[in-house]
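The values are calculated or read from the model by the stated rules, or taken from the named source; none is laboratory data. Please read all numbers here as calculations on a predicted model, not as lab measurements. Here the Cβ is made from the backbone with ideal geometry for all residues, glycine too, and neighbour counts use every protein chain on show.
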Amino acid sequence: MSTFITLSTGRRMPMVGLGTWKSAPGEVKRAVLAALDCGYKHIDCAAAYGNEQEVGEALALRVSPGKVLRREEVFVTSKLWNTKHDPEDVEEACRTSLAHLGLSYLDLYLMHWPMAFQRGKELMPRREDGSICYSDTHYRDTWAAMESLVDKGLVRAIGLSNFNARQTDDIFSIARHKPVVNQVECHPYLSQVDLLSHCRSVSLCVTAYSPLGSGDRPWASPDEPSLLQDPQLGAIAQRYQKTAAQIILRWHVQRGIVCIPKSVTPSRIQQNLQVFDFSLSEDDMRLITSFNRNERFIVPARDGKRVWRDAEHPHFPFHD
Ligand code: A2P
(Lines give C-alpha, C1' and ligand atoms only; values in the text may rest on other atoms or scores of the structure.)
Protein backbone atom coordinates (compact mmCIF):
# COMPACT_ATOMS: atom_id res chain seq x y z
CA MET A 1 0.00 0.00 0.00
CA SER A 2 1.23 3.48 -0.84
CA THR A 3 2.51 5.69 1.94
CA PHE A 4 1.03 8.70 0.07
CA ILE A 5 -2.42 9.87 -0.92
CA THR A 6 -2.93 11.97 -4.03
CA LEU A 7 -4.87 15.16 -3.37
CA SER A 8 -7.36 16.62 -5.85
CA THR A 9 -4.63 19.07 -6.95
CA GLY A 10 -2.50 16.09 -8.05
CA ARG A 11 0.05 16.69 -5.27
CA ARG A 12 0.93 13.86 -2.91
CA MET A 13 0.48 13.94 0.86
CA PRO A 14 2.14 11.36 3.16
CA MET A 15 -0.48 9.20 4.91
CA VAL A 16 1.23 9.50 8.31
CA GLY A 17 2.49 12.81 9.65
CA LEU A 18 3.71 14.01 13.01
CA GLY A 19 1.08 15.86 15.04
CA THR A 20 2.33 18.80 17.10
CA TRP A 21 -0.78 19.81 19.10
CA LYS A 22 0.01 19.48 22.85
CA SER A 23 3.74 19.08 22.20
CA ALA A 24 5.19 21.40 24.81
CA PRO A 25 7.82 24.00 24.16
CA GLY A 26 11.15 22.37 24.86
CA GLU A 27 9.81 19.06 23.54
CA VAL A 28 8.51 19.73 20.08
CA LYS A 29 11.85 20.53 18.43
CA ARG A 30 13.29 17.19 19.53
CA ALA A 31 10.11 15.44 18.40
CA VAL A 32 10.25 16.97 14.91
CA LEU A 33 13.94 16.11 14.61
CA ALA A 34 13.26 12.53 15.72
CA ALA A 35 10.45 12.29 13.16
CA LEU A 36 12.47 13.68 10.25
CA ASP A 37 15.40 11.45 11.17
CA CYS A 38 13.31 8.29 11.08
CA GLY A 39 11.59 8.99 7.78
CA TYR A 40 8.57 11.24 8.41
CA LYS A 41 7.91 13.58 5.49
CA HIS A 42 4.81 15.28 6.90
CA ILE A 43 4.51 17.66 9.85
CA ASP A 44 1.13 19.00 10.98
CA CYS A 45 1.24 22.41 12.68
CA ALA A 46 -1.07 25.26 13.62
CA ALA A 47 -0.65 28.81 14.84
CA ALA A 48 -2.91 27.99 17.80
CA TYR A 49 -0.53 25.31 19.09
CA GLY A 50 1.88 28.09 20.09
CA ASN A 51 4.97 26.14 19.05
CA GLU A 52 5.51 26.87 15.36
CA GLN A 53 8.75 28.75 16.06
CA GLU A 54 10.24 25.69 17.69
CA VAL A 55 9.02 23.46 14.86
CA GLY A 56 10.76 25.93 12.55
CA GLU A 57 14.03 25.50 14.45
CA ALA A 58 13.91 21.77 13.78
CA LEU A 59 12.97 22.25 10.11
CA ALA A 60 15.92 24.64 9.69
CA LEU A 61 18.29 21.91 10.87
CA ARG A 62 17.04 19.27 8.44
CA VAL A 63 15.16 20.93 5.58
CA SER A 64 17.07 23.56 3.67
CA PRO A 65 19.72 23.79 0.99
CA GLY A 66 22.68 21.62 1.95
CA LYS A 67 20.70 19.72 4.64
CA VAL A 68 19.35 16.16 4.61
CA LEU A 69 15.98 16.97 3.04
CA ARG A 70 14.98 19.27 0.23
CA ARG A 71 12.00 21.51 0.94
CA GLU A 72 9.86 19.77 -1.66
CA GLU A 73 10.38 16.42 0.09
CA VAL A 74 8.53 17.53 3.22
CA PHE A 75 4.80 18.27 3.49
CA VAL A 76 4.05 21.01 6.02
CA THR A 77 0.54 22.00 7.07
CA SER A 78 -0.49 24.97 9.18
CA LYS A 79 -3.87 26.37 10.20
CA LEU A 80 -5.55 29.75 10.34
CA TRP A 81 -6.80 30.46 13.85
CA ASN A 82 -10.34 31.62 14.65
CA THR A 83 -9.30 35.17 15.63
CA LYS A 84 -7.85 35.68 12.13
CA HIS A 85 -10.93 34.96 10.01
CA ASP A 86 -11.49 38.56 9.01
CA PRO A 87 -10.37 38.70 5.35
CA GLU A 88 -8.05 41.57 6.27
CA ASP A 89 -6.17 39.39 8.76
CA VAL A 90 -5.73 36.20 6.73
CA GLU A 91 -2.56 37.00 4.78
CA GLU A 92 -0.75 38.39 7.79
CA ALA A 93 -1.64 35.31 9.82
CA CYS A 94 -0.31 33.05 7.09
CA ARG A 95 2.88 35.09 6.78
CA THR A 96 3.39 34.88 10.55
CA SER A 97 3.15 31.07 10.44
CA LEU A 98 5.57 31.02 7.49
CA ALA A 99 8.03 33.23 9.37
CA HIS A 100 7.79 31.08 12.51
CA LEU A 101 8.29 27.90 10.51
CA GLY A 102 11.08 29.48 8.46
CA LEU A 103 9.39 28.53 5.18
CA SER A 104 8.59 30.41 1.99
CA TYR A 105 5.42 28.39 1.34
CA LEU A 106 3.11 25.91 3.06
CA ASP A 107 1.99 22.71 1.38
CA LEU A 108 -1.42 23.07 2.98
CA TYR A 109 -3.19 25.80 4.93
CA LEU A 110 -6.41 24.88 6.72
CA MET A 111 -9.19 26.96 8.23
CA HIS A 112 -8.91 25.56 11.77
CA TRP A 113 -12.64 25.91 12.65
CA PRO A 114 -15.70 27.26 10.85
CA MET A 115 -16.50 29.76 13.64
CA ALA A 116 -14.76 33.13 13.81
CA PHE A 117 -13.73 34.67 17.12
CA GLN A 118 -13.35 38.35 17.84
CA ARG A 119 -10.25 39.79 16.14
CA GLY A 120 -7.18 40.42 18.23
CA LYS A 121 -4.13 38.88 19.82
CA GLU A 122 -5.90 36.80 22.44
CA LEU A 123 -6.25 33.17 21.38
CA MET A 124 -9.57 32.59 23.17
CA PRO A 125 -11.23 36.00 23.64
CA ARG A 126 -13.78 35.64 26.47
CA ARG A 127 -16.38 37.71 28.23
CA GLU A 128 -16.34 38.01 32.00
CA ASP A 129 -18.71 35.04 32.33
CA GLY A 130 -16.19 32.89 30.46
CA SER A 131 -18.16 32.67 27.22
CA ILE A 132 -16.31 33.10 23.93
CA CYS A 133 -16.51 36.38 22.02
CA TYR A 134 -17.48 35.32 18.50
CA SER A 135 -17.45 37.51 15.43
CA ASP A 136 -19.97 37.22 12.58
CA THR A 137 -17.35 36.89 9.85
CA HIS A 138 -18.67 34.06 7.67
CA TYR A 139 -16.33 31.21 6.77
CA ARG A 140 -17.19 31.80 3.09
CA ASP A 141 -15.53 35.23 3.25
CA THR A 142 -12.53 33.77 5.06
CA TRP A 143 -12.25 31.14 2.35
CA ALA A 144 -12.11 33.77 -0.40
CA ALA A 145 -9.19 35.41 1.43
CA MET A 146 -7.45 32.05 1.75
CA GLU A 147 -7.81 31.54 -2.02
CA SER A 148 -5.66 34.64 -2.54
CA LEU A 149 -2.86 32.89 -0.64
CA VAL A 150 -2.81 30.21 -3.34
CA ASP A 151 -2.78 32.88 -6.06
CA LYS A 152 0.19 34.55 -4.37
CA GLY A 153 2.14 31.29 -4.02
CA LEU A 154 2.23 31.43 -0.22
CA VAL A 155 0.44 28.08 0.03
CA ARG A 156 0.20 25.16 -2.41
CA ALA A 157 -3.30 24.15 -1.34
CA ILE A 158 -6.02 25.13 1.11
CA GLY A 159 -8.47 23.10 3.11
CA LEU A 160 -10.80 22.84 6.06
CA SER A 161 -10.76 21.51 9.57
CA ASN A 162 -13.71 20.68 11.81
CA PHE A 163 -16.23 21.30 9.02
CA ASN A 164 -19.38 19.18 8.85
CA ALA A 165 -20.84 17.89 5.56
CA ARG A 166 -23.19 20.84 5.09
CA GLN A 167 -20.45 23.39 5.69
CA THR A 168 -18.12 21.49 3.36
CA ASP A 169 -20.76 21.64 0.61
CA ASP A 170 -21.21 25.33 1.29
CA ILE A 171 -17.51 25.95 0.65
CA PHE A 172 -17.52 23.81 -2.50
CA SER A 173 -20.44 25.84 -3.85
CA ILE A 174 -18.44 29.09 -3.78
CA ALA A 175 -14.84 27.89 -4.12
CA ARG A 176 -12.53 29.06 -6.88
CA HIS A 177 -9.80 26.89 -5.33
CA LYS A 178 -11.50 23.75 -3.99
CA PRO A 179 -10.58 22.49 -0.54
CA VAL A 180 -8.32 19.43 -0.73
CA VAL A 181 -8.54 18.23 2.89
CA ASN A 182 -10.99 18.25 5.79
CA GLN A 183 -9.10 17.53 9.01
CA VAL A 184 -11.44 16.22 11.70
CA GLU A 185 -11.35 14.24 14.92
CA CYS A 186 -11.39 10.57 13.99
CA HIS A 187 -10.51 7.35 15.82
CA PRO A 188 -12.20 4.01 16.53
CA TYR A 189 -14.57 5.64 19.08
CA LEU A 190 -15.54 8.30 16.50
CA SER A 191 -15.27 6.50 13.20
CA GLN A 192 -16.87 9.29 11.08
CA VAL A 193 -18.36 6.83 8.58
CA ASP A 194 -20.89 9.30 7.14
CA LEU A 195 -18.56 12.30 6.94
CA LEU A 196 -15.85 10.14 5.39
CA SER A 197 -18.16 8.87 2.65
CA HIS A 198 -19.43 12.40 2.02
CA CYS A 199 -15.88 13.75 1.70
CA ARG A 200 -14.93 10.87 -0.59
CA SER A 201 -17.84 11.67 -2.88
CA VAL A 202 -16.37 15.14 -3.54
CA SER A 203 -12.70 14.01 -3.68
CA LEU A 204 -11.94 15.66 -0.36
CA CYS A 205 -9.22 13.87 1.57
CA VAL A 206 -9.88 13.33 5.28
CA THR A 207 -7.10 13.73 7.82
CA ALA A 208 -7.70 12.29 11.29
CA TYR A 209 -6.65 14.41 14.22
CA SER A 210 -6.51 12.80 17.64
CA PRO A 211 -6.07 9.54 15.72
CA LEU A 212 -5.06 7.74 18.94
CA GLY A 213 -7.77 9.37 21.07
CA SER A 214 -5.60 12.17 22.52
CA GLY A 215 -5.25 10.70 25.99
CA ASP A 216 -3.06 13.71 26.83
CA ARG A 217 -5.81 16.28 26.18
CA PRO A 218 -5.69 18.79 29.03
CA TRP A 219 -9.32 18.25 30.10
CA ALA A 220 -9.21 14.45 30.18
CA SER A 221 -10.69 12.97 33.31
CA PRO A 222 -9.85 9.52 34.68
CA ASP A 223 -13.42 8.22 34.18
CA GLU A 224 -13.30 8.83 30.42
CA PRO A 225 -12.55 5.84 28.20
CA SER A 226 -8.94 5.38 27.14
CA LEU A 227 -8.76 4.27 23.55
CA LEU A 228 -5.19 3.00 23.71
CA GLN A 229 -6.11 0.81 26.72
CA ASP A 230 -9.19 -0.69 25.03
CA PRO A 231 -9.03 -4.45 25.75
CA GLN A 232 -10.57 -5.41 22.40
CA LEU A 233 -7.91 -3.38 20.59
CA GLY A 234 -5.31 -4.96 22.83
CA ALA A 235 -6.47 -8.41 21.77
CA ILE A 236 -6.25 -7.50 18.09
CA ALA A 237 -2.78 -6.03 18.65
CA GLN A 238 -1.67 -9.27 20.27
CA ARG A 239 -2.89 -11.30 17.30
CA TYR A 240 -0.90 -9.15 14.86
CA GLN A 241 2.11 -8.81 17.19
CA LYS A 242 1.78 -5.01 16.94
CA THR A 243 0.98 -2.30 19.47
CA ALA A 244 -2.54 -0.93 19.93
CA ALA A 245 -1.32 2.38 18.46
CA GLN A 246 -0.08 0.63 15.32
CA ILE A 247 -3.38 -1.24 14.92
CA ILE A 248 -5.33 2.03 15.16
CA LEU A 249 -3.03 3.85 12.74
CA ARG A 250 -3.16 0.97 10.28
CA TRP A 251 -6.99 1.06 10.48
CA HIS A 252 -6.88 4.76 9.55
CA VAL A 253 -4.54 4.41 6.58
CA GLN A 254 -6.30 1.29 5.32
CA ARG A 255 -9.53 3.35 5.21
CA GLY A 256 -7.69 5.95 3.11
CA ILE A 257 -7.48 8.43 5.98
CA VAL A 258 -4.32 10.42 6.57
CA CYS A 259 -3.37 10.50 10.26
CA ILE A 260 -1.16 12.74 12.34
CA PRO A 261 -0.34 10.95 15.63
CA LYS A 262 1.27 13.25 18.17
CA SER A 263 4.17 12.00 20.20
CA VAL A 264 7.22 13.51 21.84
CA THR A 265 8.71 10.08 22.56
CA PRO A 266 11.27 9.02 19.92
CA SER A 267 10.48 5.29 20.17
CA ARG A 268 6.74 5.95 19.71
CA ILE A 269 7.38 8.42 16.89
CA GLN A 270 9.26 5.69 15.09
CA GLN A 271 6.71 3.00 15.92
CA ASN A 272 3.84 5.13 14.59
CA LEU A 273 5.37 5.24 11.12
CA GLN A 274 5.76 1.46 11.02
CA VAL A 275 2.26 0.67 9.79
CA PHE A 276 2.95 -0.12 6.14
CA ASP A 277 4.45 -3.59 6.58
CA PHE A 278 1.23 -5.40 7.55
CA SER A 279 -2.47 -5.21 6.80
CA LEU A 280 -5.63 -5.82 8.78
CA SER A 281 -8.14 -8.36 7.52
CA GLU A 282 -11.49 -7.08 6.26
CA ASP A 283 -13.14 -8.63 9.33
CA ASP A 284 -10.79 -6.81 11.69
CA MET A 285 -11.30 -3.54 9.80
CA ARG A 286 -15.06 -3.95 10.26
CA LEU A 287 -14.63 -4.96 13.90
CA ILE A 288 -12.58 -1.84 14.72
CA THR A 289 -15.07 0.38 12.89
CA SER A 290 -17.82 -1.18 15.04
CA PHE A 291 -16.15 0.20 18.21
CA ASN A 292 -17.67 3.56 17.27
CA ARG A 293 -19.44 5.28 20.20
CA ASN A 294 -19.72 8.73 18.61
CA GLU A 295 -17.36 9.71 21.42
CA ARG A 296 -15.86 13.14 20.84
CA PHE A 297 -12.78 13.77 22.97
CA ILE A 298 -12.29 17.25 21.56
CA VAL A 299 -15.02 19.71 22.59
CA PRO A 300 -16.41 17.29 25.15
CA ALA A 301 -19.98 17.99 26.12
CA ARG A 302 -20.24 15.96 29.30
CA ASP A 303 -20.97 17.37 32.74
CA GLY A 304 -20.90 20.96 31.54
CA LYS A 305 -17.17 20.59 30.95
CA ARG A 306 -17.23 21.78 27.39
CA VAL A 307 -14.14 23.48 26.07
CA TRP A 308 -16.42 26.01 24.39
CA ARG A 309 -19.37 26.27 26.68
CA ASP A 310 -21.43 28.34 24.27
CA ALA A 311 -21.27 25.92 21.40
CA GLU A 312 -24.61 27.17 20.06
CA HIS A 313 -22.85 29.44 17.53
CA PRO A 314 -24.57 29.02 14.13
CA HIS A 315 -21.35 27.79 12.54
CA PHE A 316 -20.49 25.37 15.31
CA PRO A 317 -19.85 22.19 13.34
CA PHE A 318 -21.10 19.41 15.58
CA HIS A 319 -24.86 20.05 15.61
CA ASP A 320 -25.71 17.94 12.60
P1 A2P B 1 3.68 11.01 24.09
O2 A2P B 1 3.59 12.28 23.31
O3 A2P B 1 4.01 11.23 25.54
O4 A2P B 1 4.59 10.00 23.45
P5 A2P B 1 -3.15 11.80 19.64
O6 A2P B 1 -2.21 11.72 18.49
O7 A2P B 1 -4.42 11.02 19.40
O8 A2P B 1 -3.41 13.22 20.08
O9 A2P B 1 -2.48 11.05 20.89
C10 A2P B 1 -1.35 11.57 21.52
C11 A2P B 1 -1.09 10.81 22.81
O12 A2P B 1 -0.80 9.45 22.49
C13 A2P B 1 0.09 11.34 23.58
O14 A2P B 1 -0.19 11.19 24.95
C15 A2P B 1 1.23 10.43 23.14
O16 A2P B 1 2.22 10.32 24.15
C17 A2P B 1 0.49 9.12 23.01
N18 A2P B 1 1.11 8.21 22.01
C19 A2P B 1 1.54 8.52 20.77
N20 A2P B 1 2.02 7.44 20.15
C21 A2P B 1 1.90 6.41 21.02
C22 A2P B 1 2.24 5.03 20.97
N23 A2P B 1 2.79 4.49 19.89
N24 A2P B 1 1.98 4.28 22.06
C25 A2P B 1 1.42 4.81 23.17
N26 A2P B 1 1.08 6.09 23.29
C27 A2P B 1 1.31 6.90 22.21
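Here are the numbers:
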{"read-out": "So residue 182, is it on the phi > 0 side of the Ramachandran plot, in contact with a strand residue (DSSP E or B) (Cβ under 8 Å, 6 or more places away or on another chain) and not aliphatic (A, V, I, L, M)", "value": "no"}
{"read-out": "Of all residues in region 266-282 being touching a residue at least 40 places away in the same chain (Cβ under 8 Å) and in a loop (DSSP other than H, G, I, E, B), the one that is nearest to the ligand (Cβ to nearest atom)", "value": "275"}
{"read-out": "Set 219, 251: member being out of contact with any helix residue (DSSP H, G or I) (no Cβ under 8 Å at 6 or more places or on another chain) and in contact (Cβ under 8 Å) with a residue 12 or more places away in the chain", "value": "219"}
{"read-out": "Unmet requirement for residue 142, which otherwise passes all of (1) modelled with pLDDT of 95 or more; (2) more than 10 Å from residue 114 (Cβ to Cβ)", "value": "(2)"}
{"read-out": "Criterion: under 17 Å from residue 45 (Cα atoms) and out of contact with any Gly (no Cβ under 6 Å at 6 or more places or on another chain) - qualifying residue of 73, 88, 128", "value": "73"}
{"read-out": "Residue identified as in contact (Cβ under 8 Å) with a residue 24 or more places away in the chain and farther than 22 Å from residue 178 by Cα among 75, 117", "value": "117"}
{"read-out": "Filtered residues of region 96-114 (kept if under 11 Å from residue 81 (Cβ atoms) and in contact with a strand residue (DSSP E or B) (Cβ under 9 Å, 6 or more places away or on another chain))", "value": "97, 110, 111, 112, 113"}
{"read-out": "Residue pairs meeting the criteria (Cβ under 9 Å; at least 6 apart or on separate chains; first closer than 22 Å to residue 220 by Cα and away from the ligand (no atom under 13 Å from the Cβ), in region 13-31; second assigned to a loop (DSSP other than H, G, I, E, B) and of a type in the set (Gly, Ala, Ser))", "value": "25/50"}
{"read-out": "All helices (runs of 4 or more DSSP H) inside region 1-104 with 2 or more residues being within 30 Å of residue 142 (Cα to Cα) and touching a Cys at 6+ places or on another chain (Cβ under 7 Å)", "value": "52-62"}
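Residue-wise test of (1) away from the ligand (no atom under 15 Å from the Cβ); (2) farther than 30 Å from residue 170 by Cα.
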{"position": "187", "(1), (2)": "no, no"}
{"position": "198", "(1), (2)": "yes, no"}
{"position": "205", "(1), (2)": "yes, no"}
{"position": "211", "(1), (2)": "no, no"}
{"position": "215", "(1), (2)": "no, yes"}
{"position": "219", "(1), (2)": "no, yes"}
{"position": "224", "(1), (2)": "no, yes"}
{"position": "228", "(1), (2)": "no, yes"}
